[in-house]
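Q: Structure incoming, see below.
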Amino acid sequence: MTTSNSTDFILTRDQIITQALNLLGVYGQGDTISANDISFSATALNMMIKSWEGQGIHLWTSSEAALFFTLGQQKYSLSNTSSDITGDYPIFNLLTSSASGSNLIVNSTVGINVNDNIGIKLDSGIIQWTTVLSIPDATTINLNASLSGTASTGNNVFSFTTRTDRPLEISSSRYRYSDGTERPLNKKGRDDFMKVPLKTTTGKANQYYYAPKVSDAWMYLWPTADDVGDCIRFSYSRRIQDFDASSDTPDLPQEWLEAIVYNLAVRLAPGFGISTGKLNPDISMIAQTSLMEIRLWDSEEGSLNIVPNYRYDY
C-alpha cells in the first residue's frame, strides 16, 4: 500500500466558496464564479467565522503573553498600537554586565531574533523599549537605540517578536516577580474591582479586571506597579484572522474544513434564492453534525479530582 506521506491538505477562501456553491448547485464543477458572488460569499464566510468566535470556538487560539509595567499605572491598553506594551511568548533575561550604550550582555540569547522588541529595566525605574539590531554571539545583543540611562548588572531584559492585540478573553493571569517566580492573580468583575477604595495604592498586584471593548481592551490592576522588573503573564484567546484575499487559508485547523464548507452552504442558500424547504436536507444534516462533532473536539482535557467528604461523622 502506498500513502502520500502528506498531511497538509487545505482549502483557500475561494476554494471553500466554490465547494459551498457547488453543493447548492448554484455553480457546476469548473464554472467561473462571478466577482459579485465571490464578494457576497466571502462576506458571509467572515460573518460565520466571527459568529463562531463569539461562541467560544477557538481552543487552538490559546496563547501566552506578558504585560509590562509602568510605575503607578492602574490600567493598560491591550492593543498592538498602544503605548502600553504587551508581547506574545516573551523571553526573560538578566544583564550579566552593566549597560549604558547600545550593547547588552545577557545570560542567554536563545529564542531572540533580529528586529524583536526588547525592553531593558533602567536604574531610573523605567523600561526602555527598542528593537534588536544584531546578535553577535550567545550572550550579546546590539540595540537599534542607545540606552537613555544606566542599567546595572542583574536588571531585567524582556524580549518578544509579536505584540499582543486585543485578547478575545483572558482565562488566567499570574504575577511574575523579577526573579522568575509566579503566583496567580484573582480575576474580578467590573463592580467588584471598582469597589476598591484607593486605586492608586502601589505594591504587588493581586487582582485584575479585564474590559474588552469594540476596538481596544483594558486590563486594570490593583495594587499598581512598584517595580518594572516584575510583569503580568496571562493566558488568552486571540481573535481568529479574517479571510481577506482569495488565496487566504483558514485560521482554523484542517479538521474544521468540512464544517466550514457545509455550514457556509447553508448560510448562502437564502442569498441565492434557495429557501430552507428547498435546501437539500443532507447538506443541513452534515452541516449540523460536522459542527457539533468539531465543537466537541474543540475542548481542552482537564483533570478530575475526587476528594473525600469529611463533613460528617459515621
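The values are calculated or read from the model by the stated rules, or taken from the named source; none is laboratory data. Note that the coordinates shown come from a computational prediction; the quantities given were computed from them, not determined experimentally. Here the Cβ is made from the backbone with ideal geometry for all residues, glycine too, and neighbour counts use every protein chain on show.
Q: Show the residue pairs meeting these rules: Cβ distance below 7 Å; 6+ apart or different chains; first residue within the range 149-160 and closer than 12 Å to Asn93 by Cβ; second residue in a loop (DSSP other than H, G, I, E, B) and among the hydrophobic types (A, V, I, L, M, F, W, C).
A: Filtered contacts from the range 149-160: Ala151/Leu122; Ser159/Ile112.
Q: Taking Ile38 as the residue in question, decide whether it is part of a helix (DSSP H, G or I) and either surrounded by fewer than 11 Cβ atoms within 10 Å (Cβ to Cβ) or not small (Gly, Ala, Ser) (or both).
A: So Ile38 fits the description; yes.
Q: OK, next. Listed residues Arg267, Arg233; which is closer than 19 Å to Ala65 by Cα and charged (D, E, K, R)?
A: Checking each option against the conditions leaves just Arg233.
Q: Under the condition of being hydroxyl-bearing (Ser, Thr, Tyr) and not in a loop (DSSP other than H, G, I, E, B), which residue from the range 57-83 is surrounded by the fewest Cβ atoms within 10 Å (Cβ to Cβ)?
A: The extreme case among them is Ser62.
Q: How about the range 262-287: which of its residues are without any contact (Cβ under 8 Å) to a residue 24 or more places away in the chain, part of a helix (DSSP H, G or I) and polar (S, T, N, Q)?
A: If the condition is that a residue be without any contact (Cβ under 8 Å) to a residue 24 or more places away in the chain, part of a helix (DSSP H, G or I) and polar (S, T, N, Q), then Thr276, Ser284 are the ones that fit.
Q: Identify the residue in the range 1-41 that is within 22 Å of Leu252 (Cβ to Cβ) and among the charged types (D, E, K, R) and, among all such residues, is modelled with the lowest pLDDT.
A: My answer is Asp8.
Q: Pick from the range 276-307 the residues that are among the hydroxyl-bearing types (Ser, Thr, Tyr) and at pLDDT 90 or above: which of them is surrounded by the fewest Cβ atoms within 10 Å (Cβ to Cβ)?
A: Thr289
Q: What number of residues within the range 70-110 satisfy the criterion of being touching a Phe, Trp or Tyr at 6+ places or on another chain (Cβ under 9 Å) and without any contact (Cβ under 8 Å) to a residue 40 or more places away in the chain?
A: Residues in the range 70-110 being touching a Phe, Trp or Tyr at 6+ places or on another chain (Cβ under 9 Å) and without any contact (Cβ under 8 Å) to a residue 40 or more places away in the chain: 1 in total.
Q: Go through the range 83-121 residue by residue and tally those that are closer than 30 Å to Met219 by Cβ and among the polar types (S, T, N, Q).
A: 9
Q: Oh, and also: Out of all the residues in the range 184-197, which are loosely packed, with under 15 Cβ neighbours inside 10 Å and touching a strand residue (DSSP E or B) at 6+ places or on another chain (Cβ under 9 Å)?
A: Passing the criteria: Pro184, Asn186, Gly189, Arg190, Asp192, Met194.
Q: Moving on to the next point. Can you spot a residue in the range 156-177 that is more than 24 Å from the chain's Cα centre (by Cα) and either more than 20 Å from Trp129 (Cβ to Cβ) or in the same structural domain as Ile260 (by TED's automatic domain parsing) (or both)?
A: The answer is no, given that none of the residues of the range 156-177 is more than 24 Å from the chain's Cα centre (by Cα) and either more than 20 Å from Trp129 (Cβ to Cβ) or in the same structural domain as Ile260 (by TED's automatic domain parsing) (or both).
Q: Evaluate the following for Thr200: is it under 21 Å from the mean Cα position of the chain (by Cα) and β-branched (Val, Ile, Thr)?
A: Taking the combined requirement at face value, the residue does not satisfy it.
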